[in-house]
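Structure record follows, encoded as structure tokens.
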């Protein structure tokens, strides 16, 4: 799991008041402290509004996969409003992640068995009498070729990527050890890694 969002562009805007460095740093640290793996934050905007006795904090996160998460809170203290808004944002991010994982788990059991049309060929198709064995084994043929982009990531990120995909395994370069690994789920539900 990542500790902080790397290279997130954060814009802090304050309305009806001058922004202080401490307030800008506080908002920036709070947004960078959101340490959920999914959805990954690409850009963040914080809009802080001060009106008479009301302090309004609104945070908008632009994430990968075209996900936009926003929340706003109104309070008497700006720092408390920011904290409450950050907690709303993290709850919504967890909700997105949980929905995605439930959807992936629900779809995992479907479409796993593919039925092929049955075809009957004449006995002379193989040029072999049915009681005799063929002289040589038939040569295997490639039925489907698929491109695969190997990524460099941590083991924990690979587990998350496997959970989010419908593939039975994932091949990746381990960022810590700099080796190629194959991660798959065993029949008992645990994960296993093969190093070729």
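The values are calculated or read from the model by the stated rules, or taken from the named source; none is laboratory data. In this text, all values refer to a predicted model and were calculated from it rather than measured experimentally. Cβ atoms come from the backbone with ideal geometry, glycine included; neighbour counts cover every protein chain shown.
Worth pointing out:
- Any hit, region 46-69, residues being over 28 Å from residue 176 (Cα atoms), at pLDDT below 85 and touching a helix residue (DSSP H, G or I) at 6+ places or on another chain (Cβ under 7 Å): yes
- Counted residues, region 150-166 - those being out of contact with any strand residue (DSSP E or B) (no Cβ under 7 Å at 6 or more places or on another chain), in a loop (DSSP other than H, G, I, E, B) and surrounded by fewer than 12 Cβ atoms within 10 Å (Cβ to Cβ): 2
- Condition met for residue 84 (in contact with a helix residue (DSSP H, G or I) (Cβ under 9 Å, 6 or more places away or on another chain) and surrounded by 13 or more Cβ atoms within 10 Å (Cβ to Cβ)): no
- Among the residues of region 167-184, those identified as surrounded by fewer than 16 Cβ atoms within 10 Å (Cβ to Cβ), in contact with a helix residue (DSSP H, G or I) (Cβ under 8 Å, 6 or more places away or on another chain) and assigned to a strand (DSSP E or B) are 169, 184.
- Among (1) modelled with pLDDT of 90 or more; (2) over 17 Å from residue 18 (Cβ atoms); (3) touching a strand residue (DSSP E or B) at 6+ places or on another chain (Cβ under 6 Å) - the single one residue 78 does not satisfy: (2)
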